[in-house]
1. Sorted by accessible area with a 1.4 angstrom probe, largest first, how do B:V122, B:V90 fall?
2. In nm, what does the list of distances from B:I9 to its counterparts in the other copies look like, shortest first, when each label sits 7 Å along Cα to Cβ?
3. Where nothing but the Cβ of Lys and Arg (+1) and of Asp and Glu (-1) is charged, how large is the charge dipole of chain B around its Cα centre, in debye to the nearest 20?
4. Please report Rg over Rh for the protein assembly as shown, where both radii come from the alpha carbon positions and Rh follows the Kirkwood definition.
5. Along Cα→Cβ at 7 Å, what distances in nm separate the A:R56 label point from those on the other copies, shortest first?
6. Got a sec? Which residues in the stretch B:61-76 would a label at B:Y129 touch, if it sits 7 Å along Cα→Cβ and we count backbone N under 14 Å?
7. Rank these residues by their accessible area, most exposed first, probe 1.4 Å: B:Y53, B:Y36, A:Y129.
8. Shielding by partners for B:102-113, please: the mean number of other protein chain Cβ atoms within 10 Å of each residue's Cβ.
Protein chains: 2
Amino acid sequence: MSHPAPRTIPDFDKGQGMLPAIAQDAATGEVLMMAYMNPESYAETLATGRAVYFSRSRNKLWRKGEESGHVQLVRGVYVDCDADTILLKVEQLGGAACHEGYKSCFFRQVTPDGLQVVGERVFDPAQVYGKK
Amino acid sequence: MSHPAPRTIPDFDKGQGMLPAIAQDAATGEVLMMAYMNPESYAETLATGRAVYFSRSRNKLWRKGEESGHVQLVRGVYVDCDADTILLKVEQLGGAACHEGYKSCFFRQVTPDGLQVVGERVFDPAQVYGKK
């Protein structure tokens, strides 16, 4: 007899080992970014209280803020009904989640006239990350 | 000579034809759900002002609220810095985005004592969807 393995929550199997994770400003409710987590980054997030993602492009753990210092302190972790999406409520140190210097990565609105920048720019990326 | 095709925004090629879309309550900022969009559902969303997703499990367009009547009226569409995630600010008719009757699909919080239901239940799914 075989028994299916018990489902975990979040259920990383649903995302072939990786699930989307939304980071929302715990104070203002602003959606800051979306990235991916694997079980290791999720476990480290819970253990440290700092958002850790999995970078698909670099194929390794991405400790948010490791370069910029703009760490996300996790104030709450939520899972959706299907257990395949994670929501983090965070305190964003440095005031900006986006590597382009905006508070939120969703700084562009789609309008009938095209994309409009509506977000607030908090820092100059060249200052934070240095010239490359 | 070959020229790469120009990138579109959002860039559905980055998600192999499908991108995550976050729905956020336009009035309260609450994150309601996350689903996926393909170019067709995105275009229909813009054209109609109602959120249309692509159901990966049913492999077809998912006009949110088509069964329950709980349509999402789109108040704003945003794209992130990488142009691979969409954010919708919506007015959720019926008061609940989740098929389980909760205002938000993220109605469960991960705590040291396990999952805690923290969301507000607005309707009884059996009433809305009928017995199946």
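The values are calculated or read from the model by the stated rules, or taken from the named source; none is laboratory data. Here the structure is a predicted model, which is why all the values come from computation and not from measurement. Cβ coordinates were reconstructed from backbone atoms using ideal geometry, including for glycine residues, and neighbour counts include every protein chain displayed. We work out accessible area using only protein heavy atoms, side chains counted, and drop any ligands, DNA or RNA first. Shrake-Rupley method; radii C 1.70, N 1.55, O 1.52, S 1.80 Å.
1. B:V122, B:V90
2. 3.9
3. Roughly 360 debye, rounded to the nearest 20.
4. Reported Rg/Rh (Cα atoms, Kirkwood Rh): 0.96.
5. Label-point separations across copies, in nm and ascending: 0.9.
6. B:64-70
7. A:Y129, B:Y36, B:Y53
8. Average per residue, whole number: 5.
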